[in-house]
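Structure first, then comments.
Coordinate-derived values only; no laboratory data. This one's a predicted model, so the numbers in the text were calculated from it and none came from an experiment. Backbone-built Cβ (ideal geometry, glycine too); neighbour counts: all protein chains shown.
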Amino acid sequence: MASLSVIIPAYNAEDTIAQTVRAAAGIPKVSQIIVVDDGSSDYTATEAERAGADVLRLKRNRGKGAALRRGLEEASGGLVLLLDADLGKSAAPTSQLVEPVLNGDVQMTIAHFQPESEDKSGAPRRAGGFGFALGLARWGIRALTGLRMKSPLSGQRCLPRALLERVGIADGFGVEVALTLEVFRRGGRIQEIPLSLTHTATGRTLSGFAHRGRQFIDILRVLLGAAYGLGWPALGRLRSALRTFIWLFAITGLLAASYFSYARVTGPAAISLVLSFVSLPVILAVLVHANFLRRNYLELLIPTSVGVLFFFIWWGTSFWLHMGLPQTVGALLMVTWGILGLLDDRAFSRKTRGFRGHIKALLKGKFTSGAAKLFVGGGISLFAGWLISSGNLPIAILNGLLIALCTNFLNLLDLQPGRALKGFFVLGILAWILNPEMGTLLAPIFAAAIIYAPLDLGARAMMGDLGSNILGAMAGLALALSLGMEGKIILALILAAIHLYAEIGSISTLIEKIPPLRWLDRLGRAEG
């Protein structure tokens with residue numbers, strides 16, 4: 001039977017900590033009570049020791065997250081119960097949080113305060129603030145997970161120690177929101193349990209408003225990190241900062257390239273970046289609520305078909321493009337291949353793989369996603385190739401092959417985080433260098449891909465076949481418009497060889513065997 005470690009972060013809580021510790025000691029299965037004194041200036045540590053707790057002292061106030069991480073280092077129980085220091089005697093009912101986790105019914109329980117907070121005299125009182133932090137937490141969690149939380153900021157939580165160590169603990173007052181997001185992402189079931197608890201609410205004083213301001217900022221930081229894939233507790237502060245710096249550098253690089261290579265691209269690139277930044281969290285929320293969720297190769301539950309962002313951004317800035325026929329053909333390819341990808345993401349079985357498998361299934365009377373891509377996508381690609389060929393049939397066929405092969409090539413790559421994006425960047429940059437006017441066609445897609453990239457590289461979301469199809473088709477179109485006859489033949493042969501190899505071998509295995517490809521494949525990835 002699993003033992004229970006209780007971790008209580010405390011800061012200047014000498015009035016309540018002893019009662020909280022004694023109440024926690026009465027909880028069944030408790031083997032350890034750890035109080036982390038977060039740089040208190042009063043007698044918090046002394047009172048906790050007198051009550052029987054193991055006390056860890058931090059020399060300076062480092063925030064709730066740091067205190068909990070220090071306590072977790074010393075925890076030995078199979079389960080961990082997190083408690084706030086100001087619960088006092090009312091901490092006893094938190095024993096009800098343990099049983100559902102111990103039985104395996106859920107992976108994390110959260111205490112929902114019932115009734116409202118009470119002051120030290122026992123009389124009910126209103127919370128000290130205006131509910132901005134609470135509202136932000138509720139809205140953010142619902143948008144990113146679909147969960148409707150009553151007490152998203154409750155610090156009273158029970159979960160397995162191994163799970164807590166895997167998901168990590170966020171800095172400051174973002175602990176609770178980050179825990180909810182990360183446990184959900186790992187497929188964990190979360191249950192709120194109404195308990196009659198009391199705590200010391202912060203008043204409407206200068207210090208109270210300062211506290212809630214810090215809380216709001218910490219929660220916002222956690223939500224932004226989750227929404228854009230820039231950081232999460234297990235990643236760590238330094239890697240999160242580096243990730244953000246590289247992301248901003250890529251954004252700056254796109255703006256610089258669009259300005260110096262082709263003047264007309266600057267406007268679409270800048271607008272696309274802004275629209276992508278604003279739209280991405282909204283798209284995530286819509287996909288979550290529409291249950292566009294799937295387990296990835298790490299068995300993490302994440303949104304899929306996020307590549308719809310590329311579709312909306314390109315169309316949202318299309319009035320800037322003014323490219324005539326290439327723009328029309330691009331719109332045709334984007335709609336057709338996008339719909340095929342969406343159907344593949346939602347409606348078709350993924351048990352059948354490879355062209356041989358799809359052809360065999362078709363001969364048995366089963367119309368699969370691969371068959372749809374082969375006939376519908378291939379047909380549209382050939383038609384698009386003819387539209388940009390000036391009536392030259394051999395060139396039309398070669399253009400169509402190039403578009404179709406590029407599209408399916410990125411689909412083949414989209415088995416690991418960031419791989420399809422990197423393939424698109426390589427193909428797209430090549431087209432842009434060969435023909436600067438292709439920057440006008442591709443700049444909106446580049447902008448959306450850069451904004452989205454940290455989510456994909458962090459295994460926090462999947463673009464889906466919808467996304468990889470759009471990227472591949474647009475890259476193929478740009479290359480068909482940029483390469484000469486010889487270049488098209490060479491690239492088509494290379495892509496055809498890759499497709500043939502994929503029928504008999506593994507692209508992932510091949511990448512792992514070639515050091516430069518292995519390095520590029522792992523560049524920027526930070527799953528977990």
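Some notes on this structure:
- With N as its number of residues, the range 381-514 has a Cα radius of gyration that, divided by 2.2 N^0.38 Å, comes to 1.04.
- Whole-number percent relative contact order across the range 234-522, with pairs defined as alpha carbons under 8 Å at least 6 apart: 27
- Mean residue ellipticity (222 nm) of the chain, computed from DSSP H runs ≥ 4 via -39,500 (n - 2.57), nearest 500: -18500 deg cm²/dmol
- In plain terms, the chain from ALA2 to LEU415 could stretch by 144.9 nm, reckoned as 0.36 nm per residue minus the Cα-Cα distance.
- Relative contact order, percent, the range 4-228 [alpha-carbon distance under 8 Å, six or more residues apart]: 23
- Calculated log₁₀ intensity ratio I(q)/I(0) where the Debye formula runs over C-alpha points of the range 4-228, q = 0.07, 0.14, 0.17 Å⁻¹: -0.19, -0.83, -1.31
- Per-q log10 I(q)/I(0), the range 17-109, q = 0.14, 0.16, 0.24, 0.25 Å⁻¹ (Debye; single scatterer per alpha-carbon; no solvent): -0.50, -0.65, -1.34, -1.41
- FRET E, pair LEU224, ASN392, Förster distance 56 Å, beta-carbon r, rounded to 0.05: 0.65
- Put simply, the amide H of GLU192, placed in the peptide plane, has neighbours under 5 Å in ILE110, leaving out anything fewer than 5 places away on its chain.
- By the beta-carbon count within 10 Å of each Cβ, the least crowded to most crowded order of TYR228, TYR43, fewest first, is TYR43, TYR228.
- Less than 5 angstrom separates the built amide H of LEU81 from those of SER5, VAL6, ILE7, all sequence-distant by 5 or more or on a different chain.
- This model, with +1 at the C-beta of Lys and Arg and -1 at the C-beta of Asp and Glu, gives the range 234-522 a dipole about its Cα centre of some 780 debye.
- Distance between the pseudo-spin-label points of LEU206 and SER318 (7 Å out from Cα toward the beta carbon): 5.7 nm.
- Spin-label model distance (nm) - ARG189 vs TRP519, 7 Å beyond Cα toward Cβ: 4.8
- Computed over the chain: relative contact order in percent, which uses C-alpha pairs under 8 Å that are six or more apart: 13
- Lysine pairs within the range 234-522, Cα separation less than 16 Å, 8 or more sequence positions apart or different chains: 5
- In terms of overall dimensions, the C-alpha atoms belonging to the range 234-522 reach 53, 44, 40 Å along their principal axes, ordered largest to smallest.
- Ranked by how many other beta carbons lie within 10 Å on average, peptides 457-468, 247-258 from highest: 457-468, 247-258
- Placing unit charges on the Cβ atoms of the charged side chains and taking the dipole of the chain about its Cα centre, the candidate lying farthest along the positive direction among LEU179, TYR11, ALA453 is ALA453.
- Using alpha-carbon coordinates, inclination of helix 175-185 to the longest axis of the chain, degrees: 50
- Kirkwood analysis of the Cα pair distances in the chain returns a hydrodynamic radius of 25.5 Å.
- Positive-end extreme of charge dipole, the chain - chosen from HIS199, ALA48, TRP519 (charges on Cβ): TRP519
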